[in-house]
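The structure under discussion appears below in the form of structure tokens.
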Amino acid sequence: MKFSDIHPHSPTFGRIVGSLYFVIAIIGFFSIMYVPGEIIAEQASDTVKNLQEKGGLFQWGIAADILTFSIEIALTSMLFQIFKRQNETQTR
């Protein structure tokens, strides 16, 4: 079964949407809470030092943000497909 074969009103489609929200929560926690908590310090000089030492972590945080945004774009489209039959005039 291909993803394109799944009907927007099937339970499987809804589970995929819910799973993607869960993935956003996990990745979002990493990129919004963990990465800044490890890099940002009270003194600017300490923050620069942390950025130099933990450059890879900073790059992973940027990648996580990009992945989160990409998933959110896909979710917007998926939610549109779910709700567009509810009220045709309000979805346009």
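The values are calculated or read from the model by the stated rules, or taken from the named source; none is laboratory data. None of the values given here were measured: they were computed from a predicted structure. Cβ: placed from backbone, ideal geometry, glycine included. Neighbour counts: every protein chain shown. When the accessible area is computed, the model is the full protein with side chains, heavy atoms only, and any ligands, DNA or RNA have been set aside. Shrake-Rupley method; radii C 1.70, N 1.55, O 1.52, S 1.80 Å.
Just a few scattered comments:
- In loop segments of segment 1-54 as defined by DSSP, the trypsin sites (Lys or Arg not before Pro) with at most 16 further C-beta atoms inside 10 Å of their C-beta are K2, K54.
- Placing pseudo-labels 7 Å out from each Cα toward the beta carbon at Q59 and M33 gives an inter-label distance of 2.7 nm.
- Surface composition of the chain: carbon and sulfur make up 63 percent of the accessible area, probe 1.4 Å.
- Of I24, A63, Y34, farthest towards positive along the dipole that unit charges on Lys, Arg, Asp, Glu beta carbons give the chain: I24
- Volume in Å³ per residue [convex hull over Cα atoms, computed for the chain]: 121
- Taking all protein chains into account, the per residue accessible area for the chain stands at 75 Å² (1.4 Å probe).
- Value of [θ]222 nm, deg cm²/dmol, for the chain, DSSP H segments ≥ 4, -39500 (n - 2.57) each, nearest 500: -22500 deg cm²/dmol
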